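Q: Questions regarding the structure given below will be posed in turn.
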Amino acid sequence: ECHEPIRGLGDNAVIVHEPVTTEGKCANCHNPHGSDVPKILTDNEIDLCLSCHDKPLGTSSGPIADMKTLLDNNPERHGPIREGSCTPCHQPHGSENFRLLSHAFPPKFYSPFSVDVYQLCFQCHEETLVLDERTTALTGFRNGDKNLHYVHVNQEKGRTCRACHEVHAGTKTMRMKDFVQYGMWQFPINFLESENGGSCAPGCHVARSYDRRKA
């Protein structure tokens, strides 16, 4: 009766978070009387999320991994997770976007580039990361001053962020993936970091290297 916007999410969202509709509803995550945690949550945000996401889950939009085990086994974590939060990227009640994302993000491996398609990423990252063809400061992923994020993403058949980066956590610098998932196949990326750049030799092209100082 007081939280009309939340009711609207539950009633109208394309994807509704299951705890909102199952027994307990709001009280699955919130203490109705009081709490030591912001938003009167029953536990700290990430611990609360992981109390359910501690096993593989099936959803109408596909399976969700065991996030607790994934985070336990992968120390290189995305910024919001390092800060103990899931809600910078996920809407906990309901959303128009897949995976309950709070803003638009491409659901597929390839996507025609536009700023609107990557609204989620640009809540934190500068748009110029993929808008500027040349740079000496925006990213370490460059060959001389050639911005390699621009090369990979800013095109009609652009690779999405998840093509190369683990979204939540990984074991390598910048959460670089071991494998590229392409349909039913997994191609090894074979990323190797060097002092001033790196190299990769994935299934999608021959071995290539980059160097920030000497292109």
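Q: Go over the candidates SER95, SER35 one by one and state the one that is of a type in the set (Gly, Ala, Ser), surrounded by fewer than 17 Cβ atoms within 10 Å (Cβ to Cβ) and in contact with a Leu (Cβ under 7 Å, 6 or more places away or on another chain).
A: Just one listed residue meets the conditions, SER35.
Q: Right, here's the next one. Can you name every residue in the stretch 67-84 that is charged (D, E, K, R) and either outside any loop (DSSP other than H, G, I, E, B) or over 15 Å from the mean Cα position of the chain (by Cα) (or both)?
A: LYS68, ASP72, GLU76, ARG77, ARG82, listed by residue number.
Q: Confirm whether SER51 is small (Gly, Ala, Ser), open to solvent by 60 Å² or more (accessible area, probe 1.4 Å), closer than 20 Å to GLY94 by Cβ and modelled with pLDDT of 95 or more.
A: yes
Q: Residue under question is THR87, and the condition is that it be in a loop (DSSP other than H, G, I, E, B), among the β-branched types (Val, Ile, Thr) and under 23 Å from GLY197 (Cβ atoms); does it hold?
A: Working: in a loop (DSSP other than H, G, I, E, B): yes; among the β-branched types (Val, Ile, Thr): yes; under 23 Å from GLY197 (Cβ atoms): no.
No; evaluated as a whole, the condition is false for this residue.
Q: Looking at the stretch 54-64 only, could you name the residues that are part of a loop (DSSP other than H, G, I, E, B) and open to solvent by less than 50 Å² (accessible area, probe 1.4 Å)?
A: GLY62
Q: Could you tell me which residue of the stretch 12-28 is most open to solvent (accessible area, probe 1.4 Å), considering only residues that are over 13 Å from HIS90 (Cβ atoms) and assigned to a loop (DSSP other than H, G, I, E, B)?
A: The qualifying residue most open to solvent (accessible area, probe 1.4 Å) is GLU23.
Q: Can you say whether CYS2 is open to solvent by 50 Å² or more (accessible area, probe 1.4 Å) and either touching a helix residue (DSSP H, G or I) at 6+ places or on another chain (Cβ under 7 Å) or part of a loop (DSSP other than H, G, I, E, B) (or both), as far as the supplied structure shows?
A: yes
Q: Restricting the search to the stretch 125-175, which residues are among the β-branched types (Val, Ile, Thr), outside any helix (DSSP H, G or I) and within 27 Å of CYS86 (Cα to Cα)?
A: Passing the criteria: THR139, THR160, VAL167, THR171.
Q: I've got another one for you. Answer yes or no as to whether PHE187 is of a type in the set (Phe, Trp, Tyr) and either buried (at least 19 other Cβ atoms within 10 Å of the Cβ) or within 20 Å of CYS89 (Cα to Cα) (or both).
A: Working: of a type in the set (Phe, Trp, Tyr): yes; either buried (at least 19 other Cβ atoms within 10 Å of the Cβ) or within 20 Å of CYS89 (Cα to Cα) (or both): no.
Criteria not met by PHE187.
Q: Right, another one. Just to be sure, is ILE46 in contact with a Gly (Cβ under 9 Å, 6 or more places away or on another chain) and open to solvent by 50 Å² or more (accessible area, probe 1.4 Å)?
A: no
The values are calculated or read from the model by the stated rules, or taken from the named source; none is laboratory data. Note that the structure is a prediction, hence the values are computed from the model and not measured. All Cβ positions, glycine included, derive from the backbone under ideal geometry; neighbour counts span all protein chains shown. Areas reflect the complete protein model, heavy atoms only, side chains present, ligands, DNA and RNA absent. Shrake-Rupley method; radii C 1.70, N 1.55, O 1.52, S 1.80 Å.
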